[in-house]
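Structure, as structure tokens:
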Amino acid sequence: MEQFIPLIILFAIFYFLIIRPQQKAQKAHAQMLESLKKGDKIVTTGGLIAEVVKPEEDFIKIKLNDDTIVKLDRAYVAKKVELGENA
């Protein structure tokens with residue numbers, strides 16, 4: 001039994017330093033994707049800054065400029081630009 005104590009401690013450290021923070025970040029990102037609404041500014045994983053025109057179930061219609069509206073898969077939204085940030 002004494003052989004397993006260091007292994008258990010190592011797993012606990014691994015869990016609290018790597019797995020748990022990653023799960024929290026993943027949950028926060030999923031919540032952000034669900035809360036997107038018309039008019040929100042987002043940054044895509046490709047680095048494009050766009051405005052949400054119409055959120056749909058699997059896709060989001062975004063406006064890149066005054067003339068260009070495209071459909072983007074929700075998985076490619078990196079983050080939501082908050083009001084205080086410059087976009």
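Things to note:
- Between 40, 66, 58, the Gaussian network model of the chain with springs among Cα atoms under 10 angstrom shows the greatest mean-square fluctuation at 66.
- Taking every C-alpha pair closer than 8 Å and separated by at least 6 residues, the mean separation divided by the residue count of the chain gives a relative contact order of 22 percent.
- Ranked 32, 1, criterion: other C-beta atoms within 10 Å, fewest first: 1, 32
- The chain: C-alpha gyration tensor shape, a/c 1.5 cut-off, then a/b vs b/c: prolate
- Counting every other Cβ atom within 10 Å of each residue's Cβ, 74, 20 order from fewest to most as 20, 74.
- Its DSSP H runs of at least 4 residues, each contributing -39,500 (n - 2.57), put the calculated 222 nm mean residue ellipticity of the chain at -9500 deg cm²/dmol, to the nearest 500.
- Ordered by the count of other Cβ atoms within 10 Å of each Cβ, fewest first, 68, 44 give 68, 44.
- Unit Cα scatterers, Debye sum, segment 37-87: log10 I(q)/I(0) for q = 0.13, 0.15, 0.19 Å⁻¹: -0.25, -0.33, -0.54
- On Cα atoms only, tilt of 20-34 relative to the major axis of the chain in degrees: 20 degrees
- Max mean-square fluctuation residue, GNM over the chain, Cα-Cα springs under 10 Å, options 62, 13, 49: 13
All of the numbers you see were taken from the coordinates with simple rules; none came from a lab. It should be emphasised that the depicted structure is a prediction, and the values quoted were computed from it without experimental measurement. Note: ideal-geometry Cβ built from the backbone for every residue, glycine included; neighbour counts use all protein chains shown.
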